[in-house]
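Report on one structure; see the data block that follows.
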Amino acid sequence: MACASRPRINERYTGPWNRHTASTVLVVDPTFDPATRYDFAKHMTQELGNARLHRSSVGARPVG
């Protein structure tokens, strides 16, 4: 497993979420996933500041 060998950061970033980033952050909201509500994705996009929201109808997250 490639990911298992990656270093893990034990610190948790709790914000602020409105810091300017060098690149635009892409927030993806799957339209058919009831666990990821559109209003939450919209709010997160606004909180991030330098972000764009993309609604995807390609399916939901994998199960299992």
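The values are calculated or read from the model by the stated rules, or taken from the named source; none is laboratory data. Treat the numbers as computed from the prediction; the structure is a model and nothing was measured. Here Cβ is always computed from backbone atoms with ideal geometry, including for glycine, and neighbour counts include all displayed protein chains.
Tell me which residues, restricted to region 28-54, are farther than 13 Å from residue 17 by Cα and polar (S, T, N, Q).
Matches in region 28-54: 31, 36.
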Report summary line: The number of residues in region 1-50 that are surrounded by fewer than 10 Cβ atoms within 10 Å (Cβ to Cβ) and hydrophobic (A, V, I, L, M, F, W, C) is 7
Requested in this report: Please verify whether region 47-60 includes one or more residues that are at pLDDT 90 or above, acidic (Asp, Glu) and not in a loop (DSSP other than H, G, I, E, B).
Outcome: no
